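Contents: one structure, followed by commentary.
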Amino acid sequence: MVQHIIAIASSYRLGKRIAWHYTADVISKDVLTELRDKTDRLLGRPDYVIHKLTTDSKDWSSVVNKDSFFADLEVYDSLDDFLQVVAADKEITALDIAKYLLSVLPMSNLKLQKMIYLVYADYLTKTGKRLFEDKIIAMQYGPVIPTVYDNYKGNGKEEIAEASDDKTDVHLDGITVPLTLAKMLQADDNQTILASIKATLEIFGKKSAGQLVDITHRAESPWSQVRLFDEITDNIILKYHNIELV
């Protein structure tokens, strides 16, 4: 008989469960120590569930044959690769926020840029933490996130239709949820992120793109503190975002 350790997580990107599989005649404590240490370093907390079982073979098929619960897993032999996939699912990008906003309220690229910025500013002022690593740049019509702008610039001034992947449902832990929501649920501090999105939609969602440009262009707003094409830093947002809420 041989022993198996299986760490299982749900991946929003793949829309399926993933697993790290390790097997040996006798699993040493060193393996569990490595799992714990790498998890602490990469994830902070274990966003997976550990299963232990024994079979008569080291082959993965013996695990599936013993229990069909493991049949639909995408299996990684490398612990590092597995943890990197789990960690990537927890990282929020500006494009993730864009897709979530568009799934709730279709809008032009111009309005979308302002809404993402305002979600970011709300989250930053409430938590003191960055919501995403994408840079926010001062452009002619207000704050712009270049990575998102480039993704949707083909729409011009037209309203952006919901992207096909935003309509996709994924199955996580027996629950079916939209892909955009699944990403938020995987993130650390997901309740605060969702609260910032909700607050921004409630305050600014009904305003036109032009009205949002006017708000971000107010005297002493974060946008007004920097030159065109310069980054609007967190320190500036923290100091002057209140001007946009008057």
**Request:** Go ahead and run the numbers for FRET between M139 and E91, Cβ-Cβ distance against an R0 of 35 Å, rounding to 0.05.
**Result:** 0.90
**Request:** Find how many whole Å separate the alpha carbon centroid of segment 69-124 from the alpha carbon centroid of segment 176-246.
**Result:** 16 Å
**Fill in**
Counting Lys and Arg as +1 and Asp and Glu as -1 over every other residue whose Cβ sits under 14 Å from the Cβ of Q225, the net charge comes to -2
**Prompt:** Helix 29-42 versus the longest principal axis of the chain: what angle, 0 to 90°, nearest 10, using Cα atoms?
**Reply:** 10 degrees
**Asked** Under the definition of Cα pairs under 8 Å and six or more residues apart, what whole-number percent is the relative contact order of the chain?
**Response** 21 percent
**Asked** Roughly how many nanometres apart are two label points built 7 Å out from the Cα toward the Cβ at D37 and R218?
**Response** 5.2 nm
**Prompt:** Taking neighbour counts of Cβ atoms within 10 Å as a proxy for exposure, in what order, fewest first, do W20, W60 appear?
**Reply:** W60, W20
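What does the highest-first list of 26-33, 226-233 look like by mean Cβ count within 10 Å?
On the way: 26-33: 10.5, 226-233: 13.0.
Ranked by mean Cβ neighbours within 10 Å, highest first: 226-233, 26-33.
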**Fill in**
In degrees rounded to 10, the 0-90 angle between helix 109-127 Cα long axis and the longest Cα principal axis of the chain is 70 degrees
**Asked** About its Cα centre, what dipole magnitude does segment 94-245 give when the only charges are +1 on Lys and Arg Cβ and -1 on Asp and Glu Cβ, stated in debye to the nearest 20?
**Response** 420 debye
**Sum of -39500 (n - 2.57) over DSSP H runs of 4+, divided by residues of the chain (222 nm, nearest 500)** = -13000 deg cm²/dmol
**Request:** Excluding D214 itself, calculate the net charge of residues whose Cβ lies under 13 Å from the Cβ of D214, where each Lys or Arg counts +1 and each Asp or Glu counts -1.
**Result:** +3
**Prompt:** How much of the DSSP beta bridge set in the chain is antiparallel, as a percent to the nearest 5?
**Reply:** 90 percent
**Complete:** The exposure ranking of V64, V246, V119, fewest beta-carbon neighbours within 10 Å first, is V246, V64, V119
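Please give the FRET efficiency for A199 paired with R45, using the beta carbon to beta carbon distance and R0 = 30 Å, rounded to the nearest 0.05.
With R0 = 30 Å, the Cβ-Cβ based efficiency is 0.70.
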**Item:** Exposure proxy ranking, count of Cβ atoms within 10 Å, fewest first, for Y240, Y100, Y117
**Value:** Y240, Y100, Y117
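Bear in mind that the values in this text are calculations on the coordinates, not laboratory data. These numbers were taken from a predicted model, which means no experiment stands behind them. As a convention, Cβ positions derive from the backbone with ideal geometry for all residues, glycine included, and neighbour counts pool all protein chains shown.
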